[in-house]
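Everything below concerns the one structure shown next.
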Amino acid sequence: KKMMRRSYRFMAAAAVCSLAATKLTAVCAFAPPSSSSSFLSSKQSAPQWLPTTTMTTTTIGSKSSSIHQLSMLPSSTLQLTTEEPANSLIYTILHTPTLWSILAMTSIVALLVLWEETIHNIRSSTPKAIVPVIDSMLAEVGGLGFIGLFLSTVVTGGPLGQIIGRLSEDYLGDEELLLEAFEFLHTFFFEVGILFFVVAGVCVGAVLEEVNKLSEISELALDADGDGEVTLDELAEALDVSCMIVDTDGDGILSEEEKIDALKSTASNYNFIQAIIAERSMSEVDRAGECLVARERILGKYSLPQEFEIDAYFGKIFGENLEESVELSPITWLPLIPLIALENSVDLSRDVVSASSSNAFESCGYFFATPWVFYPTIFFQALSLTWALFNFWKMTSIKKMLLPTLVTDGVNGEAALLPPRYTIDEIRNNFNSSPSIFAWGEQFFTGGGAKTSPPRNEHEELFGAVGAKFEGVYRDSMRFSTWLCVALIVYSTTQIVFRDMAALYLHSANVGNPEGLVPELIVWIIFTASAVFQLSLAPTTFLNYCFVTSVEEYVKYDIVQEVMREEELCET
């Protein structure tokens, strides 16, 4: 059936090509004949006194007449052409309009077939977790394609074209300026959308790589001595955990008071910056160890078999969260409007549409020299950086509170799994994931936050001012933060950095503000580097978000059951 469907597609494409070729041939049949057989040809219109007859043979008697006719023509219009035999088969075929019509449309059909086959191969060869990224990318491409079709048929080349042209001429001084701006902004939206999905795919790839490494290290937790049971001592030895005195009275029994004292002594006092640096510098083994101790906690809470693999559980969690994270709505574009409109106004005020315009260099230096554009850009850049860092820090700090602590008792040498820090009232009450102005921001953008959706358990108390809305709110927060970074990178590089570099390289004399060119280039390179750094935080932020929303009170028991069925660890 699949082969039949593809055959139908090719037949339909061939029919369209033939129909279009017939129409084109009919049009070309009534076109005026070409002058390819003329002895003299010109790029410009020939003067009225140009001889209309062409001499194909030269005799002694007509030689002076020929020279006289040639002397009448301007020297700049003379071109010698080589005739090909009119009865040549190749010549006849190459000058047939039907041939070129068929070739043009066949190439378009070939590109469509290549696109379809590429998408099919990508979908069939990628992990399930990345499939939502592909589906969302295709949906976005379809939406932007519809916008492009609408603009070409209704706006730029349709009934609204005259209205927009009149508005552009009345208020911008150029009839074509606003129409070209529509096309530029549509292209910009397309580039931002595609790059966002590329970044999402890279983010997922980094997370899946972490899962694969976790799977390799998880083998350490699958009965190292082959006795059919995994002990904490085996896990502690494999992960080389720290040694400390837990059993302070030496009676061989760890009381709750001793565990609480041990937790208090292991509680980190990292500040905002130190916590970010510590998380960024964490080794792969340490990160895998966090998941393994979480596994021990889940095994004990749900009485799961020792063969349960935590990497399969987290892999499904990643897939579910990813599917929600890459979905885009038209509302997503609204935050970009103020920034892009401000910076694009620098071009429009100088009759420039974009960096690809022929007079694009006339705007160079003015992005830096225009205060009402430069300072808002600094504000957006600072907002984006703060936003990304806060998302990263919040996920990291909450994860530390939810993690059990695996230690080795310095007295008897036995491994001990201490409960998560959030279970201790004193530690939890001193914890604050919504400091100062961030608490106000969370309450404002969530419609009251914890005041309208109070935490339902001790786990949700860690979420701070956002309350029980944390899971949905911070999934959207990470998505919008990544979206803003991508938009800043695309506009900064394609419209400012590359343009300024070209102006410097070509030593163009058409630079609008030469004094501001170099400072502008340096500042926007810094902006771009900042946005790239923010994107580098995205994989770890997403990984930690998945962790804090899938352990302790947020364990997804349905996914646990699904993993056990796949591993044939449950009875049904």
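Could you work out the local net charge near LEU521, counting Lys and Arg as +1, Asp and Glu as -1, over the other residues with Cβ closer than 12 Å to its Cβ?
On the way: positive: ARG499; negative: ASP500, GLU520.
Local net charge: -1.
Return the subset of LYS394/LYS469; LYS316/LYS451; LYS451/LYS556; LYS469/LYS556 for which the Cα-Cα distance in this structure is over 21 Å, preserving the input order. Working shown, then result.
Details: LYS394/LYS469 15 Å; LYS316/LYS451 32 Å; LYS451/LYS556 26 Å; LYS469/LYS556 17 Å.
The answer is LYS316/LYS451; LYS451/LYS556.
Out of the total accessible area of region 422-572 (probe 1.4 Å, heavy atoms of protein only), what percent is carbon and sulfur? If you can, show how the numbers build up before the last one.
Working: 4090 of 6890 Å².
Carbon plus sulfur share of accessible area: 59 percent.
List the chymotrypsin sites (Phe, Trp or Tyr not before Pro) in region 412-474 that DSSP assigns to loop (not H, G, I, E or B) and whose Cβ has at most 12 other Cβ atoms within 10 Å. Which are they? Don't skip to the answer; put the middle values down first.
On the way: sites: TYR422, PHE431, PHE438, TRP440, PHE444, PHE445, PHE463, PHE470, TYR474; in loops: PHE431, PHE463.
When the chymotrypsin sites (Phe, Trp or Tyr not before Pro) of region 412-474 are filtered for loop state and at most 12 Cβ neighbours within 10 Å, nothing remains.
Once the Cα atoms of region 346-416 are picked out, what are the Rg and Dmax in Å?
Just the Cα atoms of region 346-416 yield Rg and Dmax of 25.9, 80 Å.
If you keep only loop residues by DSSP, which trypsin sites (Lys or Arg not before Pro) in region 391-457 have at most 13 other Cβ atoms within 10 Å of their Cβ? Don't jump to the answer; show the numbers that get you there.
Numbers: sites: LYS394, LYS399, LYS400, ARG421, ARG428, LYS451, ARG456; in loops: ARG456.
Sparse-neighbourhood loop trypsin sites (Lys or Arg not before Pro): ARG456.
Report, to the nearest whole %, how much of the accessible area of region 282-345 belongs to carbon and sulfur atoms, 1.4 Å probe, protein only.
Values: 1490 of 2600 Å².
Carbon and sulfur: 57 percent of the exposed surface of region 282-345.
Could you calculate the FRET efficiency of GLU176 with MET501 from 1/(1 + (r/R0)^6), where r is the beta carbon distance between them and R0 is 41 Å, rounded to 0.05?
Details: r = 27 Å, r/R0 = 0.67.
The computed FRET efficiency comes out at 0.90.
What FRET efficiency comes out for GLU307 versus ILE147 if R0 is 56 angstrom and r is the Cβ-Cβ distance? Round to the nearest 0.05. Working shown, then result.
Details: r = 52 Å, r/R0 = 0.92.
Once rounded, the FRET efficiency stands at 0.60.
The values are calculated or read from the model by the stated rules, or taken from the named source; none is laboratory data. For clarity, every value in this text was computed on a predicted model and none was experimentally measured. Because the Cβ atoms are built from the backbone with ideal geometry, glycine has one as well, and the counts that use them run over all protein chains shown. Accessible surface is based on the protein model in full, side chains and every heavy atom, while ligands, DNA and RNA are left aside. Shrake-Rupley method; radii C 1.70, N 1.55, O 1.52, S 1.80 Å.
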